[in-house]
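Presented below is the structure to which this report refers.
Nothing in this text is a laboratory measurement; each read-out follows from the coordinates by a stated rule. Since the model is a prediction, treat every value here as computed from it, not as a measurement.
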Amino acid sequence: MARIVIVSNRVPSPTERGPRAGGLAVGLADALKDGGLWFGWSGEISAQADGTVKRVEAGNITYATIDLSQADYDRFYVGYANSTLWPLLHFRLGLIDFRREDLEGYIEVNRLYAAALARELQPDDLVWIHDYHLIPLGQELRRLGVKNRLGFFLHIPFVPASLFTALPQGNTLLWAFCAYDVVGFQTEQHRRDFVDCIEQLLGLTVRGDGTVVAGAVSMRAIANPIGIDARGFAALAAKGERSAETRRLKESLVGRSLVIGVDRLDYTKGLPARFDAFGRLLNAFPEHRQKVSYLQIAARSREDVSEYQALRRELDRKAGNINGRFAEFDWVPLRYMTRAVSRNTLAGFYRAARIGLVTPLRDGMNLVAKEFVAAQDERDPGVLILSRFAGAAENLTEALIVNPYDPDEIAEAIHTALVMPADERRDRMAHLRARVFDVTAETYCRNFLAVLKG
Ligand code: ADQ
């Protein structure tokens, strides 16, 4: 059986297992259940970042990492990846801060990864590379003569060709995608937009099944939505419901309904409009005053990118305004925390909430929506309010779907959810649960690897 090699910018530390592990570590656990190699950045900045590989064995998985230099980190990670590609692929052209030297740094770091990874590879390895930091890695590996099957998965959205053309030297990046055997997207829409770019901007023909065969190019674009370990998360929530934190949270609510939002503090997540929506709810539907509490947990992220600092200031101000305007001496309408909480705690909190508020302006998938659904008690479930621009909306159609740019619409959806009869809540949640338990982390890994094996 071929060995599986996972490559991602951040490699989870081998000790970061079980309930505290988040995101990719959980999502990709299934791909490495029979062992394999996980390769990427150590998370360390070091003066002699020369591509030396550090290896840690944990069970049947080898974690192999390299360090980056400060200059590489600034140009590759803060610069091109997070100040050009991230805003571009989330439809935010106005936030792009492109510099040629950042693009050069991005290519150089991908080259550094390729040189270090090529030395680790065995001929039959299936190599699965993740996310926008590492788009050119496949091409760099090919340049070094690597013949292995190479797959790539983009966790964030893709944009229509009319937006993509704004990217300086964008066609070079499109050619880099063409070095892979398989390129995966979260949704059919993202896949279609990518295929349009390949056709319109590179002039290649893409067949109905997403395959491009032209000269040295033999690549297939697929849609393969990521999911969560739904059963595991449901069990965590059932247990978390009885945890000390969840009990404290419930006691503090004194019977009020809980609205919960959980996000990285990122401008793609639609937090300012969401805060505005809550203010408008309290203004337009005064019957909910003192009857509802909104808890927003927004883990700070990418604080070295200036847009993120500005967002934090904006949210601090908005939170202050809402609480100043509506609070009573015994009721704080908006509880706002800017740090991460453990997965156990999160699971219990989701289950305690009447409403899960997930309103990104754009999102590849959004796993919080799926976690909220998996955590619900089917007998008395909450309601999911979901942005139509989250990838998750492609199949979580029984959520209350909203336009995240319209705070009034979000406020109306919160009102609808607060007064929704129990039968309707159960009915909607039963449909949502069927989907979340059907498209899981396991099916995501299995499907992608099946296509990659060819
Ligand atoms: P993210 O943008 O990070 O991921 P998301 O899919 O919501 O967004 O995943 C975040 C994960 O971190 C979830 O498991 C969530 O529980 C956890 N998390 C978020 N805020 C937290 C907090 N304050 N405390 C504790 N945990 C928190 C990117 C893409 C998404 C895509 C994923 C996976 O942007 O669109 O769904 O990758 O492909």
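Would you mind checking the tilt of helix 271-284 against the longest principal axis of the Cα atoms of the chain, expressed as 0 to 90 degrees and rounded to 10? The helix 271-284 is inclined about 20 degrees to the chain.
Over the residues of the chain, the helix contribution to mean residue ellipticity at 222 nm works out to -12000 deg cm²/dmol, using -39500 (n - 2.57) for each DSSP H run of at least 4. Counting only alpha carbon atoms, the long axis of helix 407-418 and the longest principal axis of the chain meet at about 60°. Listed cross-link partners K370/K453; K269/K370; K250/K291; K33/K453; K54/K147; K33/K239 are compared with a 22 Å cut-off, the Cα-Cα value being larger for K370/K453; K54/K147; K33/K239. Translational diffusion coefficient of the chain (Stokes-Einstein, Kirkwood radius from Cα pairs, 4 °C, 1.567 mPa s): 56 µm²/s.
Please report, to one decimal in angstroms, the Kirkwood hydrodynamic radius of the range 108-199 built from all distinct Cα-Cα pairs. Kirkwood hydrodynamic radius for the range 108-199: 13.7 Å.
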